[in-house]
1. Give the residues of region 6-40 that are exposed (fewer than 10 other Cβ atoms within 10 Å of the Cβ) and closer than 25 Å to residue 61 by Cβ, sorted by residue number.
2. List the number of the failed condition for residue 31; all other conditions in (1) at pLDDT below 90; (2) in contact with a helix residue (DSSP H, G or I) (Cβ under 7 Å, 6 or more places away or on another chain) hold.
3. How about region 55-65: which of its residues are loosely packed, with under 14 Cβ neighbours inside 10 Å and either of a type in the set (Lys, Arg) or modelled with pLDDT under 85 (or both)?
4. Touching a helix residue (DSSP H, G or I) at 6+ places or on another chain (Cβ under 8 Å), of a type outside the set (D, E, K, R) and in a helix (DSSP H, G or I) - does that describe any residue in region 17-25?
5. Please name all residue pairs, on different chains or six or more residues apart, with Cβ atoms under 7 Å, provided the first residue is in region 1-24 and is modelled with pLDDT of 90 or more and the second residue is surrounded by 10 or more Cβ atoms within 10 Å (Cβ to Cβ).
6. State all residues of region 63-118 that are at negative phi and polar (S, T, N, Q); if no residue qualifies, say none.
Amino acid sequence: MISYGKQSIDQSDIDAVVNVLNGDWLTQGPAVDIFEDDLKKYFGSKHVCAIANGTAALHLTGLALNWQPDDIVITSPITFLATANCIIYAGATPDLVDIDPVSYTLDPNKVDEKIKSHHSFPVVVELLSFREFLNILPLHQFPDHWLKLRRPHQ
């Protein structure tokens, strides 16, 4: 079985959820504003937008990157369907590249070959780790916030 990881939830997380549930706003309330402000400070950014879920975030990423019908976007076959769907929603074509049998993430060598032969670019889904991609892709392909906003692997 391929493990998708284990969440790390402590009492402060539970308390934060209970506070929202006990408040007047379930969605779009002051907790969202605080969260966005904290992320702005963390990233040193002028703008941050909290998104409802990963599917919406991936879709908006494709729109922000202006994916076009001729674009080929690499992703993993071992992920949620939303990963490939977001590529289609944004107008590009998904291309599934096989995983590494040890790490269970996209095989960096196969991704490198695909990029060189098709001028495509990857959507790295971090089920386990994407650190190996740092060895083959130019660092500019990984925005600083990707490297900052990561949970420690346990």
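The values are calculated or read from the model by the stated rules, or taken from the named source; none is laboratory data. Just so it is clear, the structure is predicted and the values come from calculations on it, not from any experiment. Heads up, the Cβs are rebuilt from the backbone with ideal geometry, glycines too, and the neighbour counts pull from every protein chain shown.
1. 7, 8, 27, 28
2. All conditions pass for residue 31, except number (1).
3. 64 - this is the single residue of region 55-65 that is loosely packed, with under 14 Cβ neighbours inside 10 Å and either of a type in the set (Lys, Arg) or modelled with pLDDT under 85 (or both).
4. yes
5. Once the first residue is modelled with pLDDT of 90 or more and sits in region 1-24, its partners that are surrounded by 10 or more Cβ atoms within 10 Å (Cβ to Cβ) give 20/31; 23/29.
6. Residues satisfying the conditions are 68, 75, 76, 79, 83, 85, 93, 103, 105, 109, 117.
Results for (1) polar (S, T, N, Q); (2) in contact (Cβ under 8 Å) with a residue 24 or more places away in the chain, shown as yes or no for each residue.
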residue: 34; (1), (2): no, no
residue: 59; (1), (2): no, yes
residue: 75; (1), (2): yes, yes
residue: 80; (1), (2): no, yes
residue: 84; (1), (2): no, no
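Yes/no matrix, rows are residues, columns are (1) in a loop (DSSP other than H, G, I, E, B); (2) modelled with pLDDT of 75 or more:
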{"residue": "73", "(1), (2)": "no, yes"}
{"residue": "79", "(1), (2)": "yes, yes"}
{"residue": "87", "(1), (2)": "no, yes"}
{"residue": "109", "(1), (2)": "no, yes"}
{"residue": "114", "(1), (2)": "no, yes"}
{"residue": "126", "(1), (2)": "yes, no"}
{"residue": "129", "(1), (2)": "yes, no"}
{"residue": "132", "(1), (2)": "no, no"}
{"residue": "145", "(1), (2)": "no, no"}
